[in-house]
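Data first, discussion second: the structure below is written as structure tokens.
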Amino acid sequence: MIRKVSLPTGTLVLSAMVAAPSAFADFIGDAKGSLATQNFYFSRDFRDGAGQNKREEWAQGFILKLESGYTEGPIGFGVDALGMLGIKLDSSPDRAGSGLLERGSDGRAEDEYSKLSATAKAKIGETEMRLGGLSPTLPLLLSNNSRLFPQIFTGAQLFSNDLDKFTFHLGQVRKVKQRDSDESVDLTTMSQFGAYDDSVTSDSYTYGGVDFAVTPQTKLSLHASELKDLYGRQYLGFKHTQPLSEDSSVFVELRYFNASETGAERVGEVDNRALSTLFGYQTGGHRISGGYQKLWGDSPFPLLNGADTYLFAQQNTSLFAQANERALHARYDYNFAAIGVPGLTFTLRYVKGDEVDPENIATPQAAALRAAGEEGREWERTTDITYVVQSGPMKDVSLRWRNASNRTNYTRSNDENRVIIGYAFKF
């Protein structure tokens, strides 16, 4: 269960919970915690079209994470909690909506907001059940963690590694707190620029699957899910890494998705298939990768509102997941530790998309494309530089700059910058 409480209240609740008798030695002795701070500046400047011309805000976030151990016995019980506090440093009504800060009914960013996620857990062998706040990182449910706070779902989730080489999971979520909100709301689907009605709600999203480690280098995956009365999705995955030497390897990953309407079909037609591929080579500090991505069907890639896609082509500002879209993507990563500068990393990404079907996109630009009988296209370039201080009084402080430029003919183009300073104190 997730409820809005102040950060001090959440801390007191957890303090009371760990004040347990000695019989709960592992529950207390294996407990751990951290306090993460994040100073986040976000700016997205729209280059064309009508409407708000910039989203620009600056915020300070604090995340207190507490994790208990498990009680003794054949079934171990425990509890985790996540307390979050966001503070506005700069915003205005004409620049709000960055995803960093909660907004009131007047559209203005709140001065501060807080929330608590609590999760009960139980474990038998290598099987674990969690009930309460969840932030899954799965192909069919990938919680968004790209702003000040993570997207948090309310539900139950089971993971099992008891069978050698197999990992099973099964879960169901019923509510969600978006990354910039303290309100628990019903599940909806991403609008995809009007292709889907994001006001239609569902009371459950059920998902499950199995991963099979064929060898230590090769994994196969089969997952399925259903957003009740809206649509169902299936996922097939293949991943292989082939070492070439002590510090070099080649790798390939294939991800295939299939989606169609289900139940009462309350969101209308859902007809989408997607293939996303990745091929790469790594040696020393260099990692070069890229691939081809293609969508088929009459509708865009469907996913829960606010979540990420698990498509390789997804970028900072565009999902590259419109109906029939084709995309080529390339990426270069370099770790400067290879030349004696540990903590410094660099990433450059480029994605080019075309063959976008504008039929169900509700933007003026898409309407113009339909009138002219043309297809949509876009490209995006992203640069990411991160440095983690390695020693001295600022040890483990991280500094990150993300810059992106997106140009498209079916919606508004934009330029974006994110500057993030973070630190985590563990105890």
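The values are calculated or read from the model by the stated rules, or taken from the named source; none is laboratory data. All values reported here derive from a predicted model rather than from experimental measurement. Note that each Cβ is placed from the backbone with ideal geometry, even for glycine, and that neighbours are counted across all protein chains shown. Ligands, DNA and RNA are stripped out before the accessible areas are found, and what is left, the full protein with its side chains, is counted by its heavy atoms. Shrake-Rupley method; radii C 1.70, N 1.55, O 1.52, S 1.80 Å.
Could you tell me how many cubic angstrom of Cα convex hull volume the stretch 212-318 has per residue?
Expressed per residue, the convex hull around the Cα atoms of the stretch 212-318 is 112 Å³.
The ellipsoid that matches the Cα gyration tensor of the stretch 119-255 has semi-axes, each √(5λ) in whole angstrom, of 30, 19, 15, with the longest given first.
Can you give me the % of accessible surface on the chain that is carbon or sulfur? Probe 1.4 Å, all protein chains present, nothing else counted. After summing per-atom areas, the C and S share lands at 56 percent.
Where does the charge balance sit around Ala274 when Lys and Arg score +1, Asp and Glu -1, over other residues with C-beta under 12 Å from its C-beta?
+3
For the pair the stretch 46-105 and the stretch 217-238, the centres of their Cα atoms are 28 angstrom apart.
Among residues other than Phe312 with Cβ under 15 Å from its Cβ, the summed charge is +3 (Lys and Arg +1, Asp and Glu -1).
Note that the stretch 23-67 presents 51 Å² accessible area per residue, ligands and nucleic acids not counted, probe 1.4 Å. Short-range pairs are left out: with C-alpha atoms under 8 Å and at least six residues apart, the relative contact order of the stretch 142-221 is 26 percent. Stretching the chain fully between Thr37 and Leu222 yields a gain of 62.9 nm (0.36 nm per residue, less the alpha carbon separation). Provide, for q = 0.13, 0.15, 0.20 Å⁻¹, the log10 of I(q)/I(0) from a solvent-free Debye sum over equal Cα point scatterers in the stretch 341-427. After summing over all Cα pairs, the log10 values are -0.60, -0.68, -0.90. Between Asp198 and Ala120, the FRET efficiency from the beta-carbon distance, with R0 = 45 Å, is close to 0.90. The length gained on full extension between Asp271 and Met394, counted as 0.36 nm times the residue separation minus their Cα-Cα distance, comes to 39.1 nm. Comparing mean-square fluctuations of Pro364, Pro216, Pro93 from a GNM of the chain with C-alpha springs under 10 Å, the top value falls on Pro216.
Solvent-accessible area per residue in the stretch 151-271 equals 47 Å², computed with a 1.4 angstrom probe and all protein chains kept.
Per-residue surface analysis assigns Met394 an accessible area of about 110 Å², computed on protein heavy atoms at 1.4 Å probe radius. If you fit an axis through the alpha-carbon atoms of helix 7-18 and take the longest principal axis of the Cα set of the chain, what angle between them do you get, 0 to 90°, nearest 10? Between the helix axis and the principal axis of the chain, the angle is about 40 degrees. If R0 is 25 Å, the Cβ-Cβ spacing of Ala368 and Asp106 corresponds to a FRET efficiency of close to 0.15.
For Lys175, the lysines whose Cα falls under 28 Å of its own Cα, not counting residues fewer than eight places away in the same chain, are Lys4, Lys32, Lys65, Lys88, Lys115, Lys121, Lys123, Lys228. With each label modelled as a point 7 angstrom along the Cα→C-beta vector, the Phe346-Asp186 pair spans 5.0 nm.
Please report the relative contact order for the chain, taking Cα pairs under 8 Å with a sequence separation of at least 6, and give it as a percent rounded to a whole number.
Computed value for the chain: 12 percent relative contact order.
Among 70-77, 150-157, sorting by the average number of other beta carbon atoms lying within 10 angstrom of each residue, highest first, gives 150-157, 70-77. Accessible surface for Trp296 stands near 100 Å², nearest 10, in the context of the full protein assembly shown (1.4 Å probe). Here is the list for the stretch 244-286: GluC sites (Glu not before Pro) lying in DSSP coil, each with at most 12 other C-beta atoms within 10 angstrom of its C-beta, are Glu246. Beyond 36 Å, the tail of the calculated P(r) for the chain holds 30 percent of the Cα pairs. Sparsely packed loop sites in the stretch 375-427 (the trypsin sites (Lys or Arg not before Pro) outside DSSP H, G, I, E and B with at most 16 other Cβ atoms within 10 Å) comprise Lys395. Shape call for the stretch 286-335 from the C-alpha gyration tensor, a ≥ b ≥ c root eigenvalues: rounded (a/c under 1.5), prolate (a/b greater than b/c) or oblate? Judged from the Cα gyration tensor, the stretch 286-335 comes out oblate (a/c at least 1.5, b/c at or above a/b). Structural descriptor for the stretch 48-115: relative contact order 34 percent, calculated from alpha carbon pairs under 8 angstrom and at least 6 residues apart.
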